[in-house]
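Only the coordinates and a few stated rules stand behind these numbers; no lab work does. In this text the structure is predicted, and so the values were computed from the model without any measurement. Every residue, glycine among them, receives a Cβ derived from its backbone with ideal geometry; neighbour counts consider all protein chains shown.
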Amino acid sequence: MTVVRSALIQTYGSMSMDENVERQINLIGQAAEKGAQITCLQELATGPYFCQVQDPTFYSFAEPVPDGPTIRRMQELAKKHTMVLIVPVYEEEQTGVYYNTAAVIDADGSYLGKYRKTHLPQVQGFWEKFYFRPGNLGYPVFQTQYATIGVYICYDRHFPEGARALGLNGAEIVYIPSATSRGLSMHLWKIEQVSHAIANGYWVGTINRIGKEPLGDNDFYGTSYFVNARGEIVAEASDTAEEVLVADLDLEKNREVRNVWQFYRDRRPDLYSPLVER
């Protein structure tokens with residue numbers, strides 16, 4: 001049996017990048033005290049969810065990945081705690097070219113790579129196309145010291161194609177950091193991501209922010225959780241409070257479920273090409 005102890009950090013975002021980074025570092029320390037081997041931070045962890053407004057002032061939150069100050073500090077932390085870190089930040093590729101990105105750092109502090117958010121909303125309170133270009137790195141998975149992991153980010157969860165690609169690429173755990181508010185899509189929170197875990201035979205760890213931030217009316221409802229390949233939620237956080245949610249993930253559960261639900265065997269990719277022609 002291969003068991004990985006993982007943590008999800010759900011918190012709020014302030015208007016100070018330095019303050020947010022220090023808060024995340026403190027919470028990572030709490031995860032380490034609980035024995036977490038893999039820890040994922042929330043979407044755009046170094047800032048407020050600034051996409052509630054369209055303001056070029058927030059371009060200042062962008063930084064290079066992996067050569068920016070946040071990722072360098074997180075590499076030091078990963079090495080200190082022998083912990084894999086998934087660190088979502090606002091990435092600057094060059095001046096005027098920005099992405100919603102998650103960096104993956106191995107337990108020895110080495111930078112393994114990044115995922116750039118593929119699907120971007122552009123609706124009231126979620127003006128992401130004002131800030132980001134769509135991701136262009138596909139759906140990489142990362143072989144860490146403890147597990148093979150993938151990342152999907154927030155709005156991506158509405159699109160099953162990338163979730164399937166991560167499974168086909170070998171992900172054992174998929175982390176989905178998010179910033180999602182109470183309202184129209186709230187009832188989907190425990191449908192779509194649970195469905196990704198079932199359809200693809202892997203663990204999902206998904207994170208949401210909490211509360212209202214200074215920039216808008218979005219009321220983030222927390223409820224971060226871990227769900228296994230059978231669709232069972234094994235740990236769930238509060239809907240209002242900051243929390244470091246920790247759970248033990250038995251990776252053998254993936255094999256157990258896939259041996260019963262043979263979705264990979266019974267796929268028909270020879271018939272799916274019309275899906276990408278429309």
Checklist entry - Once you put a point 7 Å from the Cα of PHE130 and another 7 Å from the Cα of ASP108, both along the Cβ direction, what distance in nm separates them? => result 4.4
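Highest first, please rank the peptides 237-250, 206-219 by the mean number of other Cβ atoms sitting within 10 Å of their residues.
206-219, 237-250
All other residues with a Cβ under 11 Å from the Cβ of ALA32 taken together, and with Lys, Arg as +1 and Asp, Glu as -1, what is their net charge?
That works out to +2.
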Checklist entry - How do the peptides 199-205, 26-32 rank, highest first, by the average count of neighbouring beta carbon atoms within 10 Å per residue? => result 199-205, 26-32
Next on the checklist: Kirkwood Rh over alpha-carbon pairs of segment 121-278, then Stokes-Einstein at 4 °C and 1.567 mPa s: what D in µm² s⁻¹, rounded to an integer?
Outcome noted: 77
Item to check | Efficiency of FRET from Cβ geometry, GLU277 and LYS80, R₀ 45 Å, rounded to 0.05 | outcome: 0.35
Item to check | Projected area averaged over orientations for segment 203-278, convex hull of C-alpha atoms, nm² | outcome: 8.4
Checklist entry - How would you rank 261-267, 113-119, highest first, on the average number of other Cβ atoms within 10 Å across their residues? => result 113-119, 261-267
Next on the checklist: Largest first and in whole Å, what are the equivalent-ellipsoid semi-axes of segment 1-114 based on the Cα gyration tensor, each being the root of 5 times an eigenvalue?
Outcome noted: 25, 15, 11
Next on the checklist: Could you tell me how far the Cα centroid of segment 202-278 sits from the Cα centroid of segment 52-110, in Å?
Outcome noted: 22
Item to check | Karplus-derived 3J(HN,Hα), 6.51/-1.76/1.60, for each residue of segment 186-200, Hz, glycine and proline x | outcome: 4, 5, 7, 3, 10, 10, 4, 6, 4, 5, 4, 4, 5, 5, 10
Checklist outcome for this item: Dividing the surface of the Cα convex hull of segment 45-88 by four yields a projected area in nm² of 3.5
Next on the checklist: List residues of segment 7-21, by number, whose backbone nitrogen lies under 19 Å from a label position 7 Å along Cα→C-beta of ASP219.
Outcome noted: 11-13
Checklist entry - For segment 29-176, what is the largest minus smallest coordinate of the Cα atoms on each principal axis, given in angstrom and ordered from greatest to least? => result 39, 33, 26
Checklist entry - For the chain, what's the relative contact order in percent, using C-alpha pairs closer than 8 Å and at least 6 residues apart? => result 20
Next on the checklist: Beyond a 27 Å Cα-Cα separation, which of these cross-linked pairs lie in this structure: LYS34/LYS79; LYS80/LYS129; LYS190/LYS253; LYS80/LYS212?
Outcome noted: LYS80/LYS129; LYS80/LYS212
Checklist entry - Summing +1 for each Lys or Arg and -1 for each Asp or Glu, what net charge is found among the other residues whose Cβ lies under 15 Å from the Cβ of ILE176? => result 0
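Hey, what does the equivalent ellipsoid look like for segment 159-202, semi-axes from the Cα gyration tensor as sqrt of 5 times each eigenvalue, largest first, whole Å?
Working: eigenvalues 92, 21, 14 Å².
Semi-axes (√(5λ), whole Å): 21, 10, 8.
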Next on the checklist: If Rh is defined by the Kirkwood formula over all Cα pairs and Rg also comes from Cα, what ratio Rg/Rh do you get for the chain?
Outcome noted: 0.94
Checklist entry - Per the Cauchy relation, a quarter of the hull surface: what is the mean projected area of the convex hull of the alpha carbons in segment 108-213, in nm²? => result 7.5
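Among DSSP beta bridges whose residues both lie in segment 3-266, state the antiparallel percentage, nearest 5.
Working: 37 of 52 bridges.
Around 70 percent antiparallel, to the nearest 5.
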Checklist entry - Taking the chain as a Gaussian network, Cα atoms linked when under 10 Å apart, which of ASN20, ASN100, ASN259 shows the biggest mean-square fluctuation? => result ASN259
